[in-house]
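Working notes for the structure below.
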Amino acid sequence: MWRQRQPEKAGFAPDLADRLDALIRQGRASGLHGVVVTRHGDLVLEHYGSGADHTWNTPLGTVDFGPDTPHDVRSITKSIVGLLYGIALADGLVPEPGEPILRHFPEYPDLAADSRRARLTVEHALTMTLGLQWDESKPYTSPENDEIGMELAADRYRFVLERPVIEDPGRRWHYSGGAAALVGGLIARGTGRPLEDFARTALFEPLGIGSFEWTAGDDGVAAAASGLRLTPRDLATIGQAVLDRRVIPADWVESTLRPRVPLWNGSSYGYLWYVTPDGRATATGNGGQRLFLLPGLDLVVAVTAGNYNGSDQDATPRAVLEDVVLPALSS
């Protein structure tokens, strides 16, 4: 259970909640479903709204959100799968990042025989630098979107690994739900358990997260790219665990949040997390799902929203963080 603390006792202006309410009244937080802000391990702000929602592509109608209402976190799932990989690695259950990835998918000797694919490593998947063709620009309702095509495929891992080679691995970042699927597959193979079962006992239950949902593809395999449903409180719990190096090995957190591949505006990609030069780390998901970690401030901000496939999905979570939370900090 989170311990609640008055904003002013956590270094915020006492009107923190009023500032968020004003943002919403001004129409600058479109589609906002939930906000949880924690600092120094205490809950200082919590807000829930109502709105139309979906689980993947299935409409849920209008939902009245609350502390116990699960929400699609979409691609935040990728970042959590990255944390799970570190836990499994510490137990010696999955390969080191530098190992060739096809060595652990021996059922594809034809792909391993391709010298270009044989160079692919686990780290290339963790950093989305596989150099394989991957297109998620089409709507997430279309099989022409490679993530949806993967979820509909008879063999998701072959679907990813046989994509055309377009450049040498490690050269540049290219967004790929397939990369996360490979990481999830390595966890399942290495632990001998479905990904969701390992997540339950290795991360969620140790953090006191008692329930969660994980949508699966047509093959019954949990979608490592986007299938998790968690509450904003759960997201904040995971974020605080990263800051505290709790449950997740400290050396893996350092590896995960280290800038590895340049992106835009000075930001970088670590191991399935976005990182910035000022030390901020962010997990992002379609629709405005965000988990912001600001280690220097010991601050976690979790946002859920319903702006799926919108043109500016970042506007609402960015406004919550940059126009409400950060300006309210007094110490």
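Just so it is clear, none of the values below were taken in a lab; they were calculated from the coordinates. Nothing here was measured: the structure is a model prediction, and the numbers come from that model. All Cβ positions, glycine included, derive from the backbone under ideal geometry; neighbour counts span all protein chains shown.
Based solely on its DSSP helices, what 222 nm [θ] is calculated for the chain when runs of n ≥ 4 H residues each add -39,500 (n - 2.57) and the sum is averaged over all residues, nearest 500 deg cm²/dmol?
Working: 12 runs with 96 residues, N = 331.
Computed mean residue ellipticity for the chain: -8000 deg cm²/dmol.
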**Request:** Rounded to the nearest 10 degrees, what's the angle between the helix 76-90 long axis and the longest principal axis of the chain, both from Cα atoms, 0 to 90?
**Result:** 60 degrees
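Rounded, prolate or oblate: which fits the range 111-258, taking a ≥ b ≥ c as square roots of the Cα gyration tensor eigenvalues, rounded meaning a/c under 1.5, else prolate when a/b beats b/c? It would help to have the intermediate numbers written out before the result.
Working: a/c = 1.89, a/b = 1.44, b/c = 1.31.
Prolate, because a/c is 1.5 or more and a/b exceeds b/c.
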**Asked** What whole number of Å gives the distance from the Cα centroid of the range 54-87 to the Cα centroid of the range 114-187?
**Response** 22 Å
**Fill in**
Taking 0.36 nm per residue of separation between SER311 and LEU263 and subtracting their Cα-Cα distance, the length gained on full extension comes to 15.3 nm
**Request:** May I ask for the distance between the Cα centers of the range 225-258 and the range 285-331, given as a whole number of Å?
**Result:** 16 Å
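If packing is taken as the average number of other Cβ atoms within 10 Å across a peptide's residues, how do 277-286, 9-18 rank, most packed first?
Details: 277-286: 18.6, 9-18: 16.5.
Per-residue Cβ counts within 10 Å, averaged per peptide and sorted highest first, yield 277-286, 9-18.
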**Item:** For LEU45, distant residues with modelled amide H under 5 Å away
**Value:** VAL37
**Asked** Angle between the Cα long axis of helix 177-191 and the longest principal axis of the chain, 0 to 90 degrees, nearest 10?
**Response** 80 degrees
**Item:** Nonlocal amide H pairs with HIS71, under 5 Å, H built at 1.01 Å
**Value:** LEU230, THR231
**Message:** Can you work out the Karplus-derived ³J(HN,Hα) for every residue in the range 131-144? Use 6.51 cos²θ - 1.76 cosθ + 1.60 with θ = phi - 60°, whole Hz, and x for glycine or proline.
**Reply:** x, 9, 4, 7, 10, 10, 7, 6, x, 6, 9, 10, x, 6
**Request:** Enumerate the calculated ³J(HN,Hα) couplings along the range 102-111 in order (Karplus 6.51 cos²θ - 1.76 cosθ + 1.60, θ = phi - 60°), each rounded to whole Hz, writing x wherever the residue is Gly or Pro.
**Result:** 5, 4, 9, 10, x, 6, 10, x, 5, 6
**Message:** Using the Karplus curve 6.51 cos²θ - 1.76 cosθ + 1.60 with θ = phi - 60°, what ³J(HN,Hα) values do you get for each residue of the range 157-169, in whole Hz, with x for Gly and Pro?
**Reply:** 6, 5, 3, 6, 6, 9, 4, x, 7, 10, 6, 5, x
**Item:** Global form of the range 237-312, assessed from the alpha-carbon gyration tensor, a/c cut-off 1.5
**Value:** oblate
**Item:** Gain on full stretching of the segment that runs from ASP91 to LYS138 - 0.36 nm per residue minus C-alpha separation
**Value:** 13.1 nm
**Request:** Between SER50 and LEU207, with labels modelled 7 Å along Cα→Cβ, what's the label distance in nm to one decimal, could you check?
**Result:** 3.0 nm
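Pick out, in residue order, every one of the chymotrypsin sites (Phe, Trp or Tyr not before Pro) in the range 254-296 that is DSSP loop and has at most 14 other C-beta atoms within 10 Å; say none if there are none.
Details: sites: TRP264, TYR269, TYR271, TRP273, TYR274, PHE292; in loops: TRP264, TYR271, TRP273.
Sparse-neighbourhood loop chymotrypsin sites (Phe, Trp or Tyr not before Pro): TRP264.
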**Request:** Would you grab the residues whose amide H sits under 5 Å from the one on PHE12? Only those 5+ places off in sequence or on another chain, please, with H modelled 1.01 Å from N.
**Result:** SER330
**Message:** Is there a quick way to get the dipole size of the chain? I mean about its Cα centre, with the Cβ of Lys and Arg at +1 and of Asp and Glu at -1; what is the value in debye to the nearest 20?
**Reply:** 580 debye
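Once you have a ≥ b ≥ c as the square roots of the Cα gyration tensor eigenvalues for the chain, tell me rounded if a/c is under 1.5, and otherwise prolate or oblate according to whether a/b is larger than b/c.
Numbers: a/c = 1.81, a/b = 1.60, b/c = 1.13.
Here the chain falls in the prolate category.
What full-extension length gain, to one decimal in nm, is calculated for GLU162 and THR62 as 0.36 nm per residue of separation minus the Cα-Cα distance? Kindly include the intermediate steps, with their values, before the conclusion.
On the way: separation 100, 0.36 × 100 = 36.00 nm, distance 4.04 nm.
Result for the pair: 32.0 nm of gain on full extension.
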**Cα long-axis angle, helix 232-244 against the chain (0 to 90 degrees, to the nearest 10)** = 80 degrees
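Sort 33-43, 113-123, 316-326 by the packing proxy (mean of other Cβ within 10 Å over each peptide's residues), most packed first.
Numbers: 33-43: 22.6, 113-123: 16.6, 316-326: 21.1.
Per-residue mean Cβ counts within 10 Å order the peptides as 33-43, 316-326, 113-123.
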